[in-house]
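Below you'll find the structure, written out as structure tokens, and then a few comments.
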Amino acid sequence: MAGVVVTSRLPGTAVERLRAEHEVRYRDEDSPVPAADRPVLLAGAEAVVVTLGHRVDAAFLDAAGPGLKVVANVAVGYDNVDLDACRERGVVVTNTPGVLTDATADIAFSLVLMVTRRLAEAEREVRSGRPWGFGMFQLLGTSVHGKAIGILGPGAIGLATARRARAFGMSVLLSGRSAPDPQAVADLDAEVVGADELLGRSDVVSVHVPLSAATRHLVDAAALARMKPTAFLVNTARGPVVDEAALVAALEGGRLAGAGLDVFEDEPRVHPGLLARDDVVLLPHIGSATVETRAAMAGLAADNVLAVLAGREPPTPVR
Ligand code: GLV
Ligand code: GLV
């Protein structure tokens with residue numbers, strides 16, 4: 001029996017499955033663990049399951065102590081985990097790729113439609129109490145059909161978003177650090193281009209890169225300046241990949257047509273310049289938020305913990 005700590009409430013049967021094999025300390029709450037409670041909660045843990053609200057840094061790992069073998073992040077992104085600190089302590093880190101690909105791509109393409117067709121603005125109009133009716137010139141949006149979507153970061157979620165865009169008659173441009181799967185490129189009839197060319201040619205740019213030192217402010221003032229003034233930016237990856245102040249300046253200057261954002265630089269704070277604009281759609285980081293997907297993410301995190309504690313290779317380690 002090893003000590004597994006689950007730091008916040010999880011859906012599905014993940015906790016039961018962990019309990020069947022291990023002693024589990026389950027903190028059945030949604031908020032991140034207050035720093036003062038960490039030592040008691042984490043002491044002696046061999047495995048810790050964390051969600052995105054937790055920063056797993058040296059202090060967190062030291063609170064668990066030298067017996068810690070694995071940190072299972074219930075998310076595909078793992079910028080909340082200090083990988084070097086884990087490596088130094090011989091702690092395996094796992095994430096939850098694959099199971100949230102479709103749910104997140106659904107939200108990315110929902111944002112494309114919401115911002116191009118002004119859906120949030122239109123919905124607010126109906127609720128406003130002001131008189132409304134069919135109007136020939138009312139709430140005219142922009143068609144996506146025949147336009148180009150640029151996928152910055154053609155990993156699993158980026159490619160899944162591109163497949164949705166194809167079904168809506170869009171052509172696909174791809175740009176990333178590593179070359180996308182050739183079969184996927186062929187299936188999408190996509191063009192692989194450099195980031196600058198992608199920015200300059202796309203009618204919608206959708207961001208799908210993980211957050212790292214290399215991608216922080218990847219979409220900065222210079223990148224936004226390359227985009228067409230008629231283009232839209234969508235971000236379902238991580239907020240800090242986009243320089244929010246530069247985005248607000250581009251929108252205010254009429255150098256960009258709109259933005260759809262599920263993630264923010266300093267969540268849950270939203271730049272007041274974004275809140276003030278009707279050409280911006282704002283969602284509260286719900287890319288993977290379906291009942292099915294969240295249960296699958298928790299289940300995969302449990303699989304990872306069970307494998308490491310049994311001395312096996314976990315299904316989805318972070319390399
Ligand atoms: C959510 O943002 C995730 O990385 O899974
Ligand atoms: C994300 O890119 C994943 O692998 O699901």
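With Rg and the Kirkwood Rh both taken from Cα atoms, where does Rg over Rh land for the stretch 261-319? Mind dumping the intermediate values first?
Working: Rg = 17.6 Å, Rh = 14.4 Å.
Using Cα coordinates only, the ratio equals 1.22.
By how many nm would the segment from Ala225 to Leu83 grow when fully extended, if each residue of separation counts as 0.36 nm and the alpha-carbon distance is taken off? Let's see the in-between values first.
On the way: separation 142, 0.36 × 142 = 51.12 nm, distance 3.37 nm.
Gain in length upon complete extension: 47.8 nm.
For the pair Asp37 and Arg255 in one chain, pulling the backbone fully straight at 0.36 nm per residue adds 73.7 nm over the alpha carbon distance. Annotation: Val76 carries an accessible surface of approximately 50 Å², with a 1.4 Å probe and no ligand, DNA or RNA atoms counted. Among Arg17, Arg130, Arg177, the largest mean-square fluctuation in a Gaussian network model of the chain (Cα springs under 10 Å) belongs to Arg130. Simple point charges give the picture: +1 on the Cβ of Lys and Arg, -1 on the Cβ of Asp and Glu, and for the stretch 181-319 a dipole about the Cα centre of about 280 debye. Which of rounded, prolate, oblate describes the stretch 211-288, given a ≥ b ≥ c as roots of the alpha-carbon gyration tensor eigenvalues and a/c under 1.5 marking rounded, otherwise prolate only if a/b is larger than b/c? It is oblate, given that a/c is not under 1.5 and a/b is not larger than b/c. Straightening the chain between Ala167 and Ala186 buys 5.3 nm, computed as 0.36 nm per residue apart minus the Cα-Cα spacing.
Relative contact order for the stretch 205-285: what is it in percent, counting Cα pairs under 8 Å that are at least 6 residues apart?
Numbers: 134 pairs, mean separation 24.6, N = 81.
Reported as a whole number, the value is 30 percent.
Taking a label point 7 Å from the Cα of Ala214 along the Cα→Cβ vector, which residues of the stretch 154-196 have an amide N closer than 11 Å to it? What the label zone holds, given the 11 Å backbone N cut-off, is 176-179.
Using r as the Cβ-Cβ distance of Ala179 and His145, and R0 as 45 Å, what FRET efficiency do you calculate, to the nearest 0.05?
Values: r = 28 Å, r/R0 = 0.63.
Result of the calculation: an efficiency of 0.95.
About the Cα centre of the chain, what is the dipole size in debye to 20, counting +1 per Lys and Arg Cβ and -1 per Asp and Glu Cβ, all else neutral? Don't jump to the answer; show the numbers that get you there.
Values: 31 positive and 39 negative charges, 79 e Å.
So the magnitude is around 380 debye.
Computing the accessible area with a 1.4 Å probe over protein heavy atoms, can you report the carbon and sulfur percentage for the chain? Using a 1.4 Å probe with all protein chains present, the chain comes out at 55 percent carbon and sulfur. At an R0 of 22 angstrom, the distance between the Cβ atoms of Arg117 and Glu292 translates into a FRET efficiency of 0.25.
One equal scatterer on each Cα of the stretch 1-76, no solvent, Debye formula: the resulting log10 I(q)/I(0) at q = 0.14 Å⁻¹ is -0.38. Taking the Cα centre of the stretch 1-156 as origin and assigning +1 to Lys and Arg Cβ atoms and -1 to Asp and Glu Cβ atoms, the resulting dipole is close to 520 debye.
Of the residues Ala195, Leu251, Ala35, the one whose Cα sits farthest towards the positive end of the charge dipole of the chain is Leu251 (charges of +1 on Lys and Arg Cβ, -1 on Asp and Glu Cβ, taken about the Cα centre).
Spacing of the modelled spin labels on Arg9 and Phe137, each 7 Å from Cα toward Cβ, amounts to 5.0 nm. Taking the longest Cα principal axis of the chain as reference, the axis of helix 156-167 is set at about 30 degrees.
Taking a ≥ b ≥ c as the square roots of the eigenvalues of the Cα gyration tensor of the stretch 119-278, is the shape rounded (a/c under 1.5), prolate (a/b larger than b/c) or oblate? Kindly include the intermediate steps, with their values, before the conclusion.
Details: a/c = 1.97, a/b = 1.34, b/c = 1.47.
Cα axes put the stretch 119-278 in the oblate bin.
Spin-label model, Arg130 to Ala245: label points 7 Å out along the Cα-to-beta-carbon direction sit 3.3 nm apart.
Helical content alone sets the calculated 222 nm signal of the chain at -10000 deg cm²/dmol, taking -39,500 (n - 2.57) per DSSP H segment of four or more residues and averaging over every residue. I need to check one value: relative contact order of the chain, counting alpha carbon pairs closer than 8 Å and at least 6 residues apart, in percent. Dividing the mean separation by the residue count of the chain yields 19 percent. Rounded to the nearest whole Hz, the Karplus-based 3J(HN,Hα) values (6.51 cos²θ - 1.76 cosθ + 1.60, θ = phi - 60°) of the stretch 217-233 follow the sequence 6, 4, 9, 10, 4, 5, 5, 5, 5, 6, 6, 5, x, 8, 8, 10, 10, with x at glycine and proline.
Computed from backbone phi with θ = phi - 60° and the Karplus coefficients 6.51, -1.76 and 1.60, the 3J(HN,Hα) list for the stretch 185-195 is 4, 5, 4, 8, 6, 8, 10, 8, 9, x, 4 Hz; x is used for glycine and proline.
With every protein chain left in place, what is the accessible area per residue of the chain in square angstrom, probe 1.4 Å?
Numbers: 14930 Å² over 319 residues.
Counting only protein heavy atoms, the per-residue value for the chain is 47 Å².
Diffusion of the chain by Stokes-Einstein, at 10 °C in a medium of 1.306 mPa s and with Rh set to the Kirkwood radius over alpha-carbon pairs, works out to 76 µm²/s.
The values are calculated or read from the model by the stated rules, or taken from the named source; none is laboratory data. Because the structure is a prediction, the values reported are computed rather than measured. So basically every Cβ, Gly included, is an ideal-geometry build from the backbone, and we count neighbours across all protein chains shown. The area values use the complete protein model at the heavy-atom level, side chains included, leaving out ligands, DNA and RNA. Shrake-Rupley method; radii C 1.70, N 1.55, O 1.52, S 1.80 Å.
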